[in-house]
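Reading through the structure tokens given below for one structure.
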Amino acid sequence: MKRVYTVIAVLIAALLPLQAQSPFEQANTAYSQSNYAEAISGYEQILQDAQARDALTDDYAEVYYNLGNAYYKQGELGHAILSYERALRLKPRMRDAKQNLEFVEQRITDRIDDTRSFFLQDWLITLRNNFRESTWTWLSIVLFWLVLAGLLLFLFGREAALRKAAFHVAWISLLLTVYTGINAGTLHSRDAAQQEAIIMQGVVNAKSSPDQSGTDLFQLHEGTKVRITDTLGDWSEVRVAEWQGWIETRMLERI
Amino acid sequence: MKQRIAFILFLLVSAGLCRAVDFRAVGPSQVPANQPFQIQYILDEKGDDIQPPGMPGFELLAGPYTSTSSSFSFVNGKRTSTYQKTFTYTYLASKPGTYTIGAATVTVGGRKYRSNGLKITVVREEAAPASQSSSSHEQQQERSQSRQQRPQETSIFLRTVLSKSHVHEQEPLTLSYKLYFIGADNVQLAGVTKMPDFTGFLKQESDNEPLQAHIETYNGRQYNVATIYKVLLYPQHSGEITITPAQFEVVYTIPGDGQDPFGQLYGYQAHKTLKAPAATVQVEGLPQENRPKQFSGGVGHFTMTPSISATEVSANQPITLRLDITGNGNMKLLKTPEVNWPEGFDAYDPKVNNSYQNTDSGTTGTKSIEYLAIPREPGDYTLPPVTLSYYDSETNSYRTLSTPSYQLHIKRAQKSQDDGQVSDYSQEDIRQLATDIRYIHSDEPQPTADGAARESVVRTGSLAWWALYIIPLLLTIVLIILLRKYIRDNADLTQVRYRKANKVARRRLKRAKTLMETGQTTAFYEEIERAALSYLSDRLTIPTAELTKETISQQLRGRGVSETLILETDAVLSEAEFARYAPSSEQDKQAMYNRTEDLINHLEAEKL
């Protein structure tokens, strides 16, 4: 009997590689064979399906990440950056995606130096971007509960030491609730309103007004991240560091 | 092929001679009737006693005229001259038809040579092709026609001849300056006045053997033609490239014309500056699409033969990889392919050995490249394939040649026995060789339910989000209200009991007095004790469960009651408890009663 099981086990093991590959594995295989165009269409299909089913969970960060790699290998830096940014929206602390994004960003034409920012602000922004909106939301909610608990203990505590501690916990928690709440709100407006976008066109001239006859103000290249501040018809007003101008919406892809 | 065999046979036959004698007849294949035409017998040796073949149906108008010429070829600055003797006969045919003309014989050094035969079709005069009126030589042509009786009319000019006028970038073409002359002897190149600078081209002087003068029909006339300059050109950029005109100086002798009584008998020297016209080359750029990244710049057709000296050596033993690139094209511009030796190999600059010739169709030959590397560390390494990409001008597409990838096994270096020294060990930091993106991940996303993404997130501003703040807040508010009320209620009860404590104690004392009078001893003490305890409980707000003598003393002490009164309280409580079970007299009871009453009065005075 034991031998029969062994035989079956061996057979199953032998048959496993013959099993149909999942679309994800197929795309990975195409990538490993340097068949990047096929890999790209494979990943895009997976993401489209998930999006259509409204099931784009954190796990799909891996798909966006691989897609970004495939786009980079094809030389499409704009799409690569967009894919990495999307991967980081789902998993803000995905190290490989961060690394590759940084790497690809060094290869684009525009180098943005926002001279107005200072290190504390940068640090706070990095901290904020390291977590998802829902993380900040939950933190804010839990901290608010802590405020309430502290308040109750302060009011009805029997011992003076306990009441004193509860008082400090309550006011610190209240400050943190406000801070985390602001972070959640900022990320919410960024993600839900899709305020950030990547330039997809090789070279774009930003104009002073939302029409072709406007004066050219400055030039942006593929892969640069911009902030959309307004839209009017087919035009979007974008901001990059201290620059601000109008660009045709079709030149952009919102993250 | 046949010609070649014949030539070889001829060589064998004339083994005594140091070189073959070329004697051939040249004539038009079609002539109009009643028009003079020429047949030339060309000999490349000094010879005489020419016997023309019998020419039935043809009328000999003039001849033989003998002319000798030298032609020159410049190859790498070396001047080579060749000798040519031409016998010219002028005939006239009157009847149309096809005629076969036999061979002529000539004597060279006592030996007779036969020329080839000719076939001439004589057509009717009207059917004769109209004389071409081509641009620059029209005048000469006309002049020659008007003076047909003078077949030796001198005409000498230069032509610029391009092998191709439409080429790809880097595709070779030849440019030759051809000297056309007729009626001139001893033509010699006296100098080069102007030479184009060939801007836009890479120039390779042709290695071809010197070209001999030959007869060529140009614009309906037969000329002696000598190529005086020939160069191989590789266009370096796309577009229209113009080659500026060149200028040469020639000297020649116009032979004397015996028929002209005023002409010179022996001819005279002439000097002329000849201009070769400018030429234009259309250069098409190499296609941008499918251009390999490591395109070597080569255009043509190549093959690559790799060979490696060894794939298994000891450390510090050299390995040589040799690539033989053979083919035809712009060999000179071919970039040396790069060999990416594995880490731990000391690579040396490649040694390039070129052996190629410049022919009309481009540079042909072999480029041998030797790459030397010395492995320093033992191990198994892979030498990645070496690739050479070029544009194949035969198939008009990019091609990439590749060597196989070699597996190199490097053995540990043999240490000599007497080498007692300990080799240096050095630690190295990790060296960055290149930067690239990190590789893709293979963790497949778990199959998710529809709408899973929507449900997993509490969105700012959503109903759930508000609920998570407001419900706990409301709960807390309710809790605060309830707790406050409870405390207030609690506080009221003790207040009541505090206020009523004295009254209750008096009532209990009165009942104890009644019991004392009726002689119920146990009940009396019980009532006394209860009166004291309930008073203390209410006044000190101690729950009955925690009511012990110790807590009472502690509480009293905490409120600053004097020690005597505390002791008294303790004593009264102890006695009341003790006396309950022991027999006692009427006086004792009275005393106990008074003592308790006093205690309560004292405590009342303390305003607990």
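The values are calculated or read from the model by the stated rules, or taken from the named source; none is laboratory data. Predicted, not measured: the structure shown is a model, and the values here were computed from it. Neighbour counts run over all protein chains shown; Cβ positions are idealised from the backbone, glycine included. These accessible areas exclude ligands, DNA and RNA; they are computed on the full protein's heavy atoms, side chains included. Shrake-Rupley method; radii C 1.70, N 1.55, O 1.52, S 1.80 Å.
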Revision key, fill the gap. With only helices counted (DSSP H, runs n ≥ 4, each -39500 (n - 2.57)), the per-residue ellipticity at 222 nm for chain A, to the nearest 500, works out to -19000 deg cm²/dmol
Exercise for review: Go through A:ALA160, A:SER134, A:TYR179 and say which Cα lies farthest out towards the positive end of the charge dipole of region A:119-192; charges sit on Cβ, +1 for Lys and Arg, -1 for Asp and Glu.
Suggested key: A:ALA160
Check your understanding: Taking a probe of 1.4 Å, how large is the accessible area per residue of region A:119-192, in Å²?
Key -> 59
Exercise for review: Could you tally the net charge around B:HIS214, taking each other residue with its Cβ under 11 Å from the Cβ of B:HIS214, Lys/Arg +1 and Asp/Glu -1?
Suggested key: -1
Practice item. Label region A:196-254 by shape, choosing from rounded, prolate and oblate, from the square roots a ≥ b ≥ c of the eigenvalues of the Cα gyration tensor; if a/c is under 1.5 it is rounded, and otherwise prolate applies when a/b is larger than b/c, oblate when it is not. Key: rounded
Check your understanding: What are the ³J(HN,Hα) values, in whole Hz, obtained from phi via the Karplus relation 6.51 cos²θ - 1.76 cosθ + 1.60 with θ = phi - 60°, for each residue of region B:459-473 in sequence order, with x given for Gly and Pro?
Key -> 7, 4, x, 6, 4, 4, 5, 4, 4, 5, 8, 6, 4, x, 5
Review point. When Cβ neighbours within 10 Å are restricted to other protein chains, what is their mean count per residue of peptide A:134-146?
Key: 3
Check your understanding: How far apart, in nm, are the 7 Å Cα→Cβ label points at B:ASP197 and B:GLN554?
Key -> 11.4
Review point. What is the packing order of peptides B:219-231, B:21-33, A:206-218, taking the mean over residues of other C-beta atoms within 10 Å and listing the highest first?
Key: B:219-231, B:21-33, A:206-218
Check your understanding: Expressed in nm to one decimal, what extension gain is obtained for the pair A:SER32 and A:GLU102 from 0.36 nm per residue of sequence separation less their Cα-Cα distance?
Key -> 23.0 nm
Revision key, fill the gap. Region A:172-238: relative contact order from alpha carbon pairs under 8 Å, six or more residues apart, as a whole percent, is 26
**Study point:** Other-chain or far-sequence residues with amide H under 5 Å of B:LEU286's (modelled H)
**Key:** B:GLU169
Practice item. For region A:119-192, just say rounded, prolate or oblate: build the C-alpha gyration tensor, square-root its eigenvalues into a ≥ b ≥ c, call rounded for a/c under 1.5, and beyond that prolate if a/b exceeds b/c, oblate if not. Key: prolate
Review point. Mean separation of Cα pairs under 8 Å and 6+ residues apart, divided by the residue count of region B:308-406: what relative contact order is that in percent?
Key: 30
**Study point:** Apportionment of accessible area to carbon and sulfur, region A:21-105, percent (1.4 Å)
**Key:** 41
Point to revise | Average accessible area per residue (Å²) across region B:485-606 - probe 1.4 Å, nucleic acids and ligands excluded | key: 59
**Study point:** Size of chain A as Cα extents on the principal axes (Å, biggest first)
**Key:** 80, 73, 32
Study note, to complete from the structure: The lysines whose Cα lies under 26 Å from the Cα of B:LYS503, excluding any fewer than 8 residues away in the same chain, are B:LYS513, B:LYS549, B:LYS589, B:LYS607
Practice item. Quick one: pull the percent of accessible area on region B:330-382 belonging to carbon and sulfur, 1.4 Å probe, ligands and nucleic acids left out. Key: 44
Point to revise | Average beta-carbon neighbours from other chains, 10 Å sphere, peptide B:227-233 | key: 0
Check your understanding: Cα to Cα, under 28 Å, and not fewer than 8 places away if on the same chain: which lysines meet these conditions relative to B:LYS164?
Key -> B:LYS78, B:LYS178, B:LYS194, B:LYS203, B:LYS230, B:LYS275, B:LYS332, B:LYS335, B:LYS367
Revision key, fill the gap. Karplus-derived 3J(HN,Hα) from phi for region B:99-106 (6.51 cos²θ - 1.76 cosθ + 1.60, θ = phi - 60°), whole Hz, x at Gly and Pro, runs 10, 10, 10, x, 7, 9, 10, 9
Check your understanding: Could you give the length gained on full extension between B:LEU463 and B:TYR486, defined as 0.36 nm per residue of separation minus the Cα-Cα distance, in nm?
Key -> 4.9 nm
Revision key, fill the gap. Residues meeting the amide H criterion for B:LYS164 (H placed from the backbone, H to H distance under 5 Å, 5 or more places apart or on another chain) are B:THR174
Review point. How much length is gained if the chain between A:VAL203 and A:ILE172 is pulled fully straight, taking 0.36 nm per residue apart and subtracting their Cα-Cα distance, in nm to one decimal?
Key: 6.3 nm
Check your understanding: Which FRET efficiency value, to the nearest 0.05, is calculated for A:ARG239 and B:SER163 with the Förster distance at 45 angstrom and r the Cβ-Cβ distance?
Key -> 0.15
Exercise for review: Could you tell me the total accessible area buried at the A-B interface, probe 1.4 Å, in square angstrom to the nearest hundred?
Suggested key: 3600
Check your understanding: R0 = 56 Å: FRET efficiency of B:GLU577 with A:ILE182, Cβ-based, nearest 0.05?
Key -> 0.25
Practice item. State the answer as a single residue: which of B:THR548, B:TRP465, B:MET516 lies farthest towards the positive end of the charge dipole of region B:456-556, with beta carbon charges of +1 for Lys and Arg and -1 for Asp and Glu, about the Cα centre. Key: B:MET516
Practice item. Starting from the Cα gyration tensor of region A:21-105, take the square roots of the eigenvalues, sort them a ≥ b ≥ c, and report rounded, prolate or oblate (rounded when a/c is under 1.5, otherwise prolate if a/b is larger than b/c, else oblate). Key: oblate
Study note, to complete from the structure: Label model pair B:LEU474, A:ALA160: point-to-point distance (7 angstrom along the Cα→beta-carbon line) in nm is 3.9
Exercise for review: Largest first and in whole Å, give the semi-axes of region A:77-222's equivalent ellipsoid, each being the square root of 5 times a Cα gyration tensor eigenvalue.
Suggested key: 44, 17, 13
Point to revise | Occluded residues from region A:25-69, i.e. those whose accessible area drops by 40 Å² or more once the chain is not alone (1.4 Å probe) | key: A:TYR31, A:ARG53, A:ASP54, A:THR57, A:ASP59, A:GLU62
Review point. HN-Hα J couplings of region B:164-175 from phi, Karplus 6.51/-1.76/1.60, θ = phi - 60°, integer Hz, Gly and Pro as x?
Key: 9, 10, 10, 9, 7, 4, 6, 8, x, 9, 10, 10
Study note, to complete from the structure: Taking r as the C-beta separation of B:GLN269 and B:LYS351 and R0 as 56 Å, the FRET efficiency to the nearest 0.05 is 0.55
Review point. Whose amide H sits under 5 Å from the amide H of B:VAL299, counting only residues 5 or more places off or on another chain, with H placed in the peptide plane?
Key: B:ASN330, B:TYR391
Practice item. Using Cα positions and a limit of under 19 Å, work out the aspartates and glutamates in reach of A:LYS73, with same-chain residues fewer than 8 apart set aside. Key: A:GLU25, A:GLU38, A:GLU44, A:GLU62, A:GLU85, A:ASP96, A:GLU102, A:GLU105, A:GLU222, B:GLU289, B:ASP436
Exercise for review: Compute the distance in nm between two label points, each set 7 Å from the Cα along the Cα-to-Cβ direction, one at B:ASP443 and one at B:LYS411.
Suggested key: 4.7
